[in-house]
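Here's the structure, in structure tokens; my notes come after.
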Amino acid sequence: MNEDGYAGGYAAAETIRRILTSSGDTWAVVGLSGNERRAAYGVARVLQRYGKRIVPVHPKAETVHGEQGYASLADIPFPVHVVDVFVNSDLAGGVADEAVAVGAKAVWFQLGVIDEAAYERTRAAGLDMVMDRCPAIEIPRLG
């Protein structure tokens, strides 16, 4: 376990709370498309219900839940606070590096998305990071 409380699938409760309450309300959801059967679709809807602005990031750049999509994080023409990652673990590290490059405040790797080297790089760059958790599960727990 490191100083942030990360121990194979967990993140410190304080980091989760900080990301969900004070990192900012614009969430880029990488991997979000119009496919209603995908987890990203439902999670993005929950984030919207809790007042977050979602920004779909997918090669198709589809509009989802009424929000314009973009093909990459670099294509988004406004600041993004949190990057929520719904891609395979082997691609997630690159997304985390892009999140650092665009000036995001936090990166959130969804359930099953694990890249410990990316976690360490992202934290070393000064961003908050959660790995192998789901904000749609965590946000209702805030009360």
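Values computed for the structure shown
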item: Single residue of the stretch 115-128 satisfying the filter (within 20 Å of Leu20 (Cα to Cα) and among the hydrophobic types (A, V, I, L, M, F, W, C)) that is most open to solvent (accessible area, probe 1.4 Å); result: Ala125
item: Any chance Thr21 is modelled with pLDDT under 95, in a helix (DSSP H, G or I), within 15 Å of the chain's Cα centre (by Cα) and under 18 Å from Arg121 (Cβ atoms); result: no
item: Looking only at the stretch 72-105, and only at residues there that are touching a Lys or Arg at 6+ places or on another chain (Cβ under 8 Å) and either hydroxyl-bearing (Ser, Thr, Tyr) or outside any helix (DSSP H, G or I) (or both), the one that is surrounded by the fewest Cβ atoms within 10 Å (Cβ to Cβ); result: His81
item: All positions within the stretch 95-111 that are small (Gly, Ala, Ser) and more than 13 Å from the chain's Cα centre (by Cα); result: Ala101, Gly103
item: All positions within the stretch 130-143 that are surrounded by fewer than 23 Cβ atoms within 10 Å (Cβ to Cβ) and either among the aliphatic types (A, V, I, L, M) or part of a loop (DSSP other than H, G, I, E, B) (or both); result: Asp132, Arg133, Cys134, Ala136, Ile137, Ile139, Leu142, Gly143
item: Test: residue in the stretch 29-38 that is under 16 Å from Arg133 (Cα atoms), open to solvent by less than 50 Å² (accessible area, probe 1.4 Å) and either without any contact (Cβ under 8 Å) to a residue 40 or more places away in the chain or not small (Gly, Ala, Ser) (or both); result: yes
item: Index of the failed condition, Arg18 passing every other in (1) surrounded by fewer than 19 Cβ atoms within 10 Å (Cβ to Cβ); (2) touching a helix residue (DSSP H, G or I) at 6+ places or on another chain (Cβ under 9 Å); (3) touching a residue at least 60 places away in the same chain (Cβ under 8 Å); result: (2)
item: Members of the stretch 45-71 that are open to solvent by less than 40 Å² (accessible area, probe 1.4 Å) and in contact (Cβ under 8 Å) with a residue 40 or more places away in the chain; result: Val46, Leu47
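The values are calculated or read from the model by the stated rules, or taken from the named source; none is laboratory data. Just so it is clear, the model here is predicted, and its values are computed rather than measured. Note: ideal-geometry Cβ built from the backbone for every residue, glycine included; neighbour counts use all protein chains shown. When the accessible area is computed, the model is the full protein with side chains, heavy atoms only, and any ligands, DNA or RNA have been set aside. Shrake-Rupley method; radii C 1.70, N 1.55, O 1.52, S 1.80 Å.
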